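Read through the structure below, which is laid out as structure tokens, and then see the notes.
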Amino acid sequence: MFLFIKKLIIPAVCFIGLFISNCSLAQEKPVYVIVHGAWGGSWAFKNVDEIMSNHGNVIYRPSLTGQGDRVHLSSPDVDLNTHIKDVVNLILYENIKNVILVGHSYGGMVITGVADSIPERIKKLVYLDAILPNDGESLATSREGGAKNIQLASTNGFMVPSWVKPNQQAPKDVPQSIKTFTQPVSRKNPVALKLPATYILTVEEGKKPEQDDFYTYGERAKKRGYKYLIFKSDHNPQFNKSAELSDLLEKEK
């Protein structure tokens, strides 16, 4: 009888051990949360997601409230904190840890706020040609003349992407609440301030870095001691250089 029980137990233990081992391997896969830029949506990083997922990475690419596939939730009351909570709640409710948090353009504002809120869940920050705010800055105040330009461009509480054609089919850029551009971000958490970070400045062919619109943010990143990279591309490499961008992000594990 003992021999029979032993024969049953040993395979079961081996199976459980194998299951736990496989679960551990799954947990160890690099996890990226990619936050899109202004007026965009998760659709913008679909190609990057497919490439990186095929390489064994776990990718989350939420659409922020009022943007992309969540455009039906659009409202002038949506602010930066709404977008920060979008990503914080994704991480908490999916129970994700050791997140490589990527923010493109306006997404830099969002990931700064996310890191300040839940730094214990973040492994690394990656700013992709992104806004890099100081504590208490908004997107509007982080750049010279930004506040005035945003107010001049506002329409009924929104900034409307002028490049989108009438009756253009989705996926497409959509209007975004002015409050997301004017609400300041908090960057006070001492744990968040110590997180490793990389700044990727995209520079178009034929241009010098100092000619780029995001150059001042890159210089700020260098002063903070962040890893600093220059990527030859326009502002949206997720479209025309998705393979090269995926490779670059994978090196930031």
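The values are calculated or read from the model by the stated rules, or taken from the named source; none is laboratory data. None of these values were measured; they are calculated from a predicted model. Cβ atoms come from the backbone with ideal geometry, glycine included; neighbour counts cover every protein chain shown.
Picking from N134, N189, which residue would you name as being in contact with an Asp or Glu (Cβ under 6 Å, 6 or more places away or on another chain) and touching a residue at least 40 places away in the same chain (Cβ under 8 Å)? Break it down stepwise before answering.
On the way: N134 fails: in contact with an Asp or Glu (Cβ under 6 Å, 6 or more places away or on another chain).
Going through N134, N189 in turn, the sole match is N189.
Please give the helices (runs of 4 or more DSSP H) falling wholly within segment 183-253 in which 2 or more residues are of a type in the set (A, V, I, L, M, F, W, C) and either surrounded by 15 or more Cβ atoms within 10 Å (Cβ to Cβ) or in contact with a Phe, Trp or Tyr (Cβ under 7 Å, 6 or more places away or on another chain) (or both).
Details: elements: 190-193, 215-224, 237-240, 242-250.
Counting at least 2 such residues, we get 242-250.
Using the structure shown, decide if E144 is free of Cβ contacts under 8 Å to residues at least 40 places away in the same chain, more than 25 Å from V114 (Cα to Cα) and charged (D, E, K, R). Spell out the reasoning first.
Working: free of Cβ contacts under 8 Å to residues at least 40 places away in the same chain: yes; more than 25 Å from V114 (Cα to Cα): no; charged (D, E, K, R): yes.
Spelling it out, it is not the case that E144 is free of Cβ contacts under 8 Å to residues at least 40 places away in the same chain, more than 25 Å from V114 (Cα to Cα) and charged (D, E, K, R).
Taking segment 86-121 on its own, how many of its residues are among the basic types (K, R) and surrounded by fewer than 18 Cβ atoms within 10 Å (Cβ to Cβ)? Don't jump to the end; show me each part of the working.
So the first thing to find is which residues in segment 86-121 are among the basic types (K, R), and the list is 97, 121.
Filter once more, keeping what is surrounded by fewer than 18 Cβ atoms within 10 Å (Cβ to Cβ): 97.
Total satisfying the criteria: 1.
Filter segment 59-70 for residues that are over 15 Å from Y106 (Cβ atoms) and either surrounded by fewer than 16 Cβ atoms within 10 Å (Cβ to Cβ) or of a type in the set (G, A, S) (or both) and give the result.
Result: D69, single match.
Say we look at segment 124-144 and pick out the residues that are charged (D, E, K, R) and touching a Leu at 6+ places or on another chain (Cβ under 8 Å); which of these is nearest to H36 (Cα to Cα)? Steps first, please.
Filtering segment 124-144 down to residues charged (D, E, K, R) leaves 124, 129, 135, 137, 143-144.
Pick out the ones that are also touching a Leu at 6+ places or on another chain (Cβ under 8 Å) and you get 124, 129.
Details: K124: 17, D129: 11 Å.
The extreme case among them is D129.
Taking helices (runs of 4 or more DSSP H) that fall entirely within segment 1-97, which contain at least 1 residues that are among the hydrophobic types (A, V, I, L, M, F, W, C) and at pLDDT below 95?
Numbers: elements: 2-27, 46-54, 80-93.
Because the criterion is at least 1 residues that are among the hydrophobic types (A, V, I, L, M, F, W, C) and at pLDDT below 95, the helices (runs of 4 or more DSSP H) in segment 1-97 that meet it are 2-27.
Is there a residue being surrounded by 15 or more Cβ atoms within 10 Å (Cβ to Cβ), of a type in the set (A, V, I, L, M), over 27 Å from V31 (Cα atoms) and touching a strand residue (DSSP E or B) at 6+ places or on another chain (Cβ under 8 Å) anywhere in segment 152-165?
Yes, that holds for at least one residue.
For segment 192-205, which residues satisfy the criterion of being without any contact (Cβ under 8 Å) to a residue 60 or more places away in the chain and touching a Pro at 6+ places or on another chain (Cβ under 6 Å)?
The one that is without any contact (Cβ under 8 Å) to a residue 60 or more places away in the chain and touching a Pro at 6+ places or on another chain (Cβ under 6 Å): V203.
Answer with yes or no whether A130 is buried (at least 16 other Cβ atoms within 10 Å of the Cβ), of a type in the set (A, V, I, L, M) and either over 18 Å from G40 (Cα atoms) or at pLDDT below 95 (or both). Don't jump to the end; show me each part of the working.
Numbers: buried (at least 16 other Cβ atoms within 10 Å of the Cβ): yes; of a type in the set (A, V, I, L, M): yes; either over 18 Å from G40 (Cα atoms) or at pLDDT below 95 (or both): no.
In short, no.
Scan segment 163-186 and tell me whether some residue there is of a type in the set (K, R) and within 27 Å of D247 (Cβ to Cβ).
Applying the first criterion (of a type in the set (K, R)) to segment 163-186 yields 165, 172, 179.
Next, from what is left, pick out any that are within 27 Å of D247 (Cβ to Cβ): none.
For segment 163-186, residues of a type in the set (K, R) and within 27 Å of D247 (Cβ to Cβ): absent.
I'd like the full set of residues that are without any contact (Cβ under 8 Å) to a residue 60 or more places away in the chain and either among the β-branched types (V, I, T) or over 16 Å from H104 (Cα atoms) (or both), limited to segment 206-223.
G206, K207, K208, P209, E210, Q211, E219, K222, K223
Does segment 132-182 hold any residues that are under 17 Å from S105 (Cα atoms), β-branched (V, I, T) and part of a strand (DSSP E or B), and which are they?
Result: no residue meets the conditions.
For segment 85-131, enumerate the residues that are charged (D, E, K, R), over 13 Å from L195 (Cβ atoms) and either in contact (Cβ under 8 Å) with a residue 12 or more places away in the chain or touching a Pro at 6+ places or on another chain (Cβ under 6 Å) (or both). Write out each step before concluding.
Let us first name the residues in segment 85-131 that are charged (D, E, K, R), namely 85-86, 94, 97, 116, 120-121, 123-124, 129.
If we keep only those that are over 13 Å from L195 (Cβ atoms) as well, we get 85-86, 94, 97, 129.
D86, E94, K97, D129 - these are the residues of segment 85-131 that are charged (D, E, K, R), over 13 Å from L195 (Cβ atoms) and either in contact (Cβ under 8 Å) with a residue 12 or more places away in the chain or touching a Pro at 6+ places or on another chain (Cβ under 6 Å) (or both).
Of (1) in contact with a helix residue (DSSP H, G or I) (Cβ under 8 Å, 6 or more places away or on another chain); (2) touching a residue at least 40 places away in the same chain (Cβ under 8 Å); (3) buried (at least 16 other Cβ atoms within 10 Å of the Cβ), S177 satisfies all except one. Which?
(1)
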